[in-house]
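Have a look at this one.
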Amino acid sequence: EGQTIYLSNNGSVYVPPEPSEPVPDPEPYVPTLEEVKASKKAEISATCEKVIYSGCDVTLSDGALHHFSLTEKDQLNLFGKQAQLAAGAEQVEYHADGQPCRYYSAADMQDIIESAMWYVSYHTTYCNSLNMWIAGGQTAEEVRAVFYGADVPEEYRSEVLQAYLIQIAEMAAERREDEETV
C-alpha cells in the first residue's frame, strides 16, 4: 500500500527520470512608461465619466436641493429642454432623480440646464488637464500618483481650467459670506 510497482513485458527496467532543475519564477512584468500612461488615462477617463453620470445638485426656486443625473441620455434630454425654452415655453416637463415627472418653470429649468452644463464642462476640462499632466509625466511613479480629485499643477492647467478654478473660489467665498450674514 502506498507504493507503486512498475511491470514490464519486454524485459526493460524502469529508471525514474532525473529530477529536473527547478524553473525559476519568471521576472514580474514591468510595464513601460507609455503603458502606465495609457492605463492611467483610461482610469481617469472612467472616473470622470462616473462622476459626470452621477449628476449634480441644483437649488431651485422652492428653496430645496434637487439632484439630477447626467448620463449621456440625460444630457441629450436637457439639450431638448433648452430648445423648448428657446422656443418660448414657460414651463417644461422633467424630473429630478427618484421623483415623478413634473412641470418646472422656465427659470428653474434654465437653472437645471446651466448647472448641468457647467458641471459637465468643468469635469471634462479637469479630466483633460489631468491627461496633460499624465502625458507630461517623466516616471511611472509620477504618473501612478495622479488621481481624480488631485490639484493639477499649474503647468498642466489649461486656460479654461484656471478660469473654472477662479470661479469655484469666488462661489465658495460668496457662500461663506452668505453663511456669515445668516
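Looking at (1) part of a helix (DSSP H, G or I); (2) exposed (fewer than 13 other Cβ atoms within 10 Å of the Cβ), which is the only condition residue 47 fails?
Of (1) part of a helix (DSSP H, G or I); (2) exposed (fewer than 13 other Cβ atoms within 10 Å of the Cβ), only one is false for residue 47: (2).
Now, a different point. In region 90-113, which residues are aromatic (Phe, Trp, Tyr) and open to solvent by 50 Å² or more (accessible area, probe 1.4 Å)?
So the first thing to find is which residues in region 90-113 are aromatic (Phe, Trp, Tyr), and the list is 94, 103-104.
Listed by number, the list holds a single entry, 103.
What number of residues within region 93-116 satisfy the criterion of being under 28 Å from residue 48 (Cβ atoms) and either touching a helix residue (DSSP H, G or I) at 6+ places or on another chain (Cβ under 9 Å) or modelled with pLDDT under 95 (or both)?
To start, the set of residues in region 93-116 that are under 28 Å from residue 48 (Cβ atoms) comprises 94-99, 104, 108-116.
Next, only the ones that are either touching a helix residue (DSSP H, G or I) at 6+ places or on another chain (Cβ under 9 Å) or modelled with pLDDT under 95 (or both) stay: 94, 96, 104, 109-110, 112-113, 116.
Matching residues across region 93-116 total 8.
Here is a follow-up. Please state which of the following conditions residue 76 fails to meet, knowing it meets all the rest: (1) closer than 27 Å to residue 163 by Cα; (2) touching a helix residue (DSSP H, G or I) at 6+ places or on another chain (Cβ under 6 Å).
(2)
Still on this structure: Cβ-Cβ distance below 7 Å, separation of 6 or more or different chains: which pairs start in region 76-97 with a residue that is in contact (Cβ under 8 Å) with a residue 40 or more places away in the chain and end on one that is loosely packed, with under 15 Cβ neighbours inside 10 Å?
Matching pairs, first to second residue: 97/67.
Could you check how many residues of region 114-144 are free of Cβ contacts under 8 Å to residues at least 60 places away in the same chain, of a type in the set (Val, Ile, Thr) and surrounded by fewer than 15 Cβ atoms within 10 Å (Cβ to Cβ)?
0
Does region 27-40 contain at least one residue that is over 19 Å from residue 127 (Cβ atoms) and open to solvent by less than 60 Å² (accessible area, probe 1.4 Å)? Reasoning before the result, please.
The first filter runs over region 27-40 and keeps only residues over 19 Å from residue 127 (Cβ atoms), leaving 27-35.
Within this subset, residues satisfying the condition of being open to solvent by less than 60 Å² (accessible area, probe 1.4 Å) are 31, 33.
Yes, region 27-40 has at least one match.
If you go through region 53-73 one residue at a time, do you hit one that is part of a helix (DSSP H, G or I) and crowded, with 17+ Cβ neighbours inside 10 Å? Quick ask: steps written out before the conclusion?
We begin by selecting, within region 53-73, every residue part of a helix (DSSP H, G or I); these are 53-54, 72-73.
Cutting the leftovers down to crowded, with 17+ Cβ neighbours inside 10 Å gives us none.
The answer is no; no qualifying residue exists.
Matching residues to (1) touching a Lys or Arg at 6+ places or on another chain (Cβ under 6 Å); (2) closer than 12 Å to residue 112 by Cα; (3) hydrophobic (A, V, I, L, M, F, W, C):
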{"residue": "67", "(1), (2), (3)": "no, yes, no"}
{"residue": "71", "(1), (2), (3)": "no, no, no"}
{"residue": "79", "(1), (2), (3)": "no, yes, yes"}
{"residue": "82", "(1), (2), (3)": "no, yes, no"}
{"residue": "88", "(1), (2), (3)": "no, no, no"}
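Output yes when any residue across region 21-30 is at pLDDT 95 or above and either under 30 Å from residue 114 (Cβ atoms) or not basic (Lys, Arg) (or both), and no when none is. Spell out how you get there, then give the answer.
To start, the set of residues in region 21-30 that are at pLDDT 95 or above comprises none.
For region 21-30, residues at pLDDT 95 or above and either under 30 Å from residue 114 (Cβ atoms) or not basic (Lys, Arg) (or both): absent.
Show me the helices (runs of 4 or more DSSP H) entirely contained within region 74-182 in which 3 or more residues are over 21 Å from the mean Cα position of the chain (by Cα) and over 25 Å from residue 45 (Cα atoms).
Values: elements: 106-136, 140-144, 159-181.
Hits in region 74-182: 106-136, 159-181.
The values are calculated or read from the model by the stated rules, or taken from the named source; none is laboratory data. No experiment lies behind these values; they were computed from the predicted model shown. So basically every Cβ, Gly included, is an ideal-geometry build from the backbone, and we count neighbours across all protein chains shown. Ligands, DNA and RNA are excluded from the accessible area calculation, which covers all protein heavy atoms including side chains. Shrake-Rupley method; radii C 1.70, N 1.55, O 1.52, S 1.80 Å.
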